[in-house]
Amino acid sequence: MAFQRRRNHYYHHFRNMLPLFSAVSGALLILLAILSFLAPYPNDSDRHGHRSLSNVRDDEIGVPVFRVPTDGGRSGRDLWTSRNSRFYYGCSNASKKFPEAEAVTISNRYLAIATSGGLNQQRTGITDAVVAARILNSTLVTPKLDQKSFWKDSSDFSEIFDVDWFISFLSKDVKIIKQLPRKGGKTWTPHTMRVPRKCSERCYNNRVLPVLSKRHAIQLNKFDYRLANRLDTDLQKLRCRVNYHALKFTRPIQRMAEKLVHRMRMRSKHYIALHLRFEPDMLAFSGCYYGGGDKERKELGAIRKRWKTLHTSNPDKERRHGKCPLTPEEVGLMLRALGYGSDVHIYVASGEVYGGEETLAPLKALFPNFYSKETIASKEELEPFSPFSSRMAALDFIVCDESDVFVTNNNGNMARILAGRRRYFGHKPTIRPNAKKLYRLFLNKGNMFWEAFASKVRTYQRGFMGEPNEVRPGRGEFHENPSACICEDSAAKEKGELGTRKNGKGNATRKDELVLEDRNADDDPEWPDTDEEEDQSSPLEKGLFNGTGLDYDAITSDEPELEDMLSD
């Protein structure tokens, strides 16, 4: 009887618990169904057992899996051309109101300049020197190149640029001679002086002209960014004639660069040129930190000491404000999000990347077709150029300029000059990361699916892709945005817009364009400026940068009487 009572008790207890078991089982089935619905559809990389290239967490059920698709995903746009570029063209001819040099040049008035920095910083100085000579109605002496500072390049003007073409092309604008005439049978030593940064036309007439009229020959030292951003239109167009037409590299440099471009084209119809700019000096100067612990802080801190005027940095603040270069992996993820697949060929212009191959590995995994001048040319071919940093920089300059897409990872001299040049010659795509917006996105990428990440990248990069009207005319640095030298083909544009409307497609309005301009202005990092009177390279730096052969981009601002330590 006791056994029968216990059995009845357990039976009734189980019957009472049955609804609870059913409810729990049903809830579990519903939860599994939801998780199955939310799981991402397997892509090509999943089927081939490919691990995520960045922060995959597929071992935790329910956590978004960040996998990079092989094809880069859909971008919804032409990856290799700029929208509406066919409606704009470079125009730099002088107006009829701009008299020829012969009519305005005053005899016995000579202007010499000594440039500062590496190749591209010197290029800005040369361009502005021609305009300064025109303002002063003087004869320009072929510019002297910086041979003493950090880069230790002994090249003179005629070894990098075609000096005869330079003089001939500009003969109607400014009289140019190769050297000062002798005075009393002796070498004429000009009076030396300096002018403030961003010196206007009035500034030259008030500060320089009285000295020039008295001394007859002066040399302006440390001549870089010594001319105002805004000038009379004819003077701006003269700037463009110098920069985009008169400054041609010597034939040996051009021939070698043409070989490099040809070899890239033989590999693929299109290629991207990436100015990676992740060298130790750049990271040290920016004050940024990339998670390398005490070793990184010690190494970059030692380099940073060479700039005595730099304040103590706040790495997190610098990165939040968009003043830090992206890591190679971040650059690669940005490009893949914009739609460039793993089959795209990339030419990298870079010196010694901080962290070496370990730092480059994620970028190479994203883009296996990864090249540099050292990998597509033999040591023997580069031997005539490798001892000279500016000549090596000139090779990279040409290959980057000829690329279908140029990507810059900073806002230095090479980036600005190439951006302006590519705008002038047809608005070829030029991508500059919107580092301020992308910073937070990269921090949170492990908590989202690839599609959401890619969509946000494409949104943040609007206004940073080298399209026409991204920057309002007159805004930004002139060498980057030569708006006075870019004309609009109104008839072609109107015809194109009419065709677009007939096809039922919308077109960006002026209001939309202004939104892009404002976004660009707000997110444009303001790079600081520093001073350099002489080479102060530390032993660590000399070891890090010896023989890289790359131009180092200057980081400049409008701050007066300060020089660039970092240049091209």
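The values are calculated or read from the model by the stated rules, or taken from the named source; none is laboratory data. Owing to the predicted nature of the structure, the values given are computational and were not obtained by experimental measurement. Virtual Cβ from ideal backbone geometry, glycine too; neighbours counted across all protein chains shown. Protein only, heavy atoms only, side chains kept; ligands, DNA and RNA dropped before computing areas. Shrake-Rupley method; radii C 1.70, N 1.55, O 1.52, S 1.80 Å.
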If you check A365, A273, which single one turns out to be open to solvent by 40 Å² or more (accessible area, probe 1.4 Å) and touching a residue at least 24 places away in the same chain (Cβ under 8 Å)?
A365
Residue in the range 299-322 that is of a type in the set (K, R), in contact with an Asp or Glu (Cβ under 9 Å, 6 or more places away or on another chain) and either buried (at least 23 other Cβ atoms within 10 Å of the Cβ) or within 30 Å of Y271 (Cα to Cα) (or both) present
no
Which of the residues that make up the range 442-473 are within 24 Å of A415 (Cβ to Cβ) and of a type in the set (K, R)?
K456, R458, R462, R472
Residue under question is R230, and the condition is that it be within 22 Å of C485 (Cα to Cα), in a loop (DSSP other than H, G, I, E, B) and in contact with a helix residue (DSSP H, G or I) (Cβ under 9 Å, 6 or more places away or on another chain); does it hold?
yes
Are any residues in the range 202-212 over 21 Å from S116 (Cα atoms) and open to solvent by 20 Å² or more (accessible area, probe 1.4 Å), and if so, which ones?
R202, N205, N206, L209, P210, V211
Please report, ordered by residue number, the helices (runs of 4 or more DSSP H) entirely within the range 409-466 with at least 3 residues that are over 26 Å from H245 (Cβ atoms) and open to solvent by 40 Å² or more (accessible area, probe 1.4 Å).
435-443, 450-460
Restricting to the range 382-401, give me the number of residues that are hydroxyl-bearing (S, T, Y) and either outside any helix (DSSP H, G or I) or surrounded by fewer than 24 Cβ atoms within 10 Å (Cβ to Cβ) (or both).
1
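Would you call E352 open to solvent by 10 Å² or more (accessible area, probe 1.4 Å), in the same structural domain as V399 (by the TED database) and at pLDDT below 95?
Yes: the conditions hold for E352.
Yes or no: the range 151-173 includes at least one residue that is open to solvent by 80 Å² or more (accessible area, probe 1.4 Å), free of Cβ contacts under 8 Å to residues at least 60 places away in the same chain and within 27 Å of F388 (Cα to Cα). Steps first, please.
Going through the range 151-173, the residues open to solvent by 80 Å² or more (accessible area, probe 1.4 Å) turn out to be 152, 164-165, 172.
Of the ones still in play, those that are also free of Cβ contacts under 8 Å to residues at least 60 places away in the same chain are 164.
Still in the running and within 27 Å of F388 (Cα to Cα): 164.
Taking every residue of the range 151-173 in turn, at least one turns out to be open to solvent by 80 Å² or more (accessible area, probe 1.4 Å), free of Cβ contacts under 8 Å to residues at least 60 places away in the same chain and within 27 Å of F388 (Cα to Cα).
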Criterion (under 21 Å from the mean Cα position of the chain (by Cα) and at pLDDT 95 or above) met by exactly one of F397, F385:
F397
Evaluate the following for Q236: is it modelled with pLDDT of 95 or more, assigned to a helix (DSSP H, G or I) and not assigned by the TED database to the domain that holds D401?
yes
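Going by what's in this entry, would F278 be described as farther than 19 Å from F406 by Cα and of a type in the set (F, W, Y)? Reasoning before the result, please.
Details: farther than 19 Å from F406 by Cα: no; of a type in the set (F, W, Y): yes.
So F278 does not fit the description; no.
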Among the candidates R267, R215, R263, residue that is farther than 30 Å from D343 by Cα, more than 22 Å from the chain's Cα centre (by Cα), open to solvent by 20 Å² or more (accessible area, probe 1.4 Å) and not polar (S, T, N, Q):
R215
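With respect to Y225, is the statement that it is within 21 Å of N108 (Cα to Cα), in contact (Cβ under 8 Å) with a residue 60 or more places away in the chain, hydroxyl-bearing (S, T, Y) and open to solvent by less than 20 Å² (accessible area, probe 1.4 Å) true? Please lay out each step first, then the result.
Working: within 21 Å of N108 (Cα to Cα): no; in contact (Cβ under 8 Å) with a residue 60 or more places away in the chain: yes; hydroxyl-bearing (S, T, Y): yes; open to solvent by less than 20 Å² (accessible area, probe 1.4 Å): yes.
In short, no.
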Any idea which of (1) small (G, A, S); (2) touching a strand residue (DSSP E or B) at 6+ places or on another chain (Cβ under 6 Å); (3) in a loop (DSSP other than H, G, I, E, B) is the one S171 doesn't satisfy?
(2)
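Considering only residues that are in a loop (DSSP other than H, G, I, E, B) and on the phi > 0 side of the Ramachandran plot, which ones fall in the range 179-227? If you could, list the steps in order and put the result at the bottom.
Here is the first cut: in the range 179-227, the residues in a loop (DSSP other than H, G, I, E, B) are 179-182, 184-185, 187-190, 194-200, 216, 224-227.
Hits for the range 179-227 are G184, G185, K198, H216, Y225.
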Going by the structure shown, is R277 in a helix (DSSP H, G or I), under 30 Å from H262 (Cβ atoms) and at pLDDT 85 or above?
no
Can you tell me which residues in the range 315-329 are modelled with pLDDT under 90 and either among the polar types (S, T, N, Q) or assigned to a loop (DSSP other than H, G, I, E, B) (or both)?
H321, G322, K323, C324
Looking for something more than 22 Å from K269 (Cβ to Cβ) and open to solvent by 10 Å² or more (accessible area, probe 1.4 Å) - is there at least one such residue anywhere in the range 337-347?
no
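Kindly indicate which of G341, G292, G332 is more than 18 Å from S403 (Cβ to Cβ), modelled with pLDDT of 85 or more and not aliphatic (A, V, I, L, M).
Numbers: G341 fails: more than 18 Å from S403 (Cβ to Cβ); G332 fails: more than 18 Å from S403 (Cβ to Cβ).
The conditions single out G292.
Does the range 241-258 contain at least one residue that is more than 17 Å from F397 (Cβ to Cβ), touching a helix residue (DSSP H, G or I) at 6+ places or on another chain (Cβ under 8 Å) and in a helix (DSSP H, G or I)? I'd like the intermediate steps shown before the answer.
Kept after step one, since they are more than 17 Å from F397 (Cβ to Cβ), are these residues of the range 241-258: 241.
If we keep only those that are touching a helix residue (DSSP H, G or I) at 6+ places or on another chain (Cβ under 8 Å) too, we end up with 241.
Those still in the list that are in a helix (DSSP H, G or I) too: 241.
For the range 241-258, residues more than 17 Å from F397 (Cβ to Cβ), touching a helix residue (DSSP H, G or I) at 6+ places or on another chain (Cβ under 8 Å) and in a helix (DSSP H, G or I): present.
Looking at this structure, is D294 part of a helix (DSSP H, G or I), in contact with a Lys or Arg (Cβ under 8 Å, 6 or more places away or on another chain) and either surrounded by fewer than 18 Cβ atoms within 10 Å (Cβ to Cβ) or of a type in the set (D, E, K, R) (or both)? Reasoning before the result, please.
Working: part of a helix (DSSP H, G or I): yes; in contact with a Lys or Arg (Cβ under 8 Å, 6 or more places away or on another chain): no; either surrounded by fewer than 18 Cβ atoms within 10 Å (Cβ to Cβ) or of a type in the set (D, E, K, R) (or both): yes.
Criteria not met by D294.
Report yes if some residue within the range 305-318 is within 30 Å of T70 (Cβ to Cβ) and touching a residue at least 24 places away in the same chain (Cβ under 8 Å); otherwise report no. Lay out the reasoning, then the answer.
Quick first cut of the range 305-318, residues within 30 Å of T70 (Cβ to Cβ) only: none.
Checked the range 305-318: no residue is within 30 Å of T70 (Cβ to Cβ) and touching a residue at least 24 places away in the same chain (Cβ under 8 Å).
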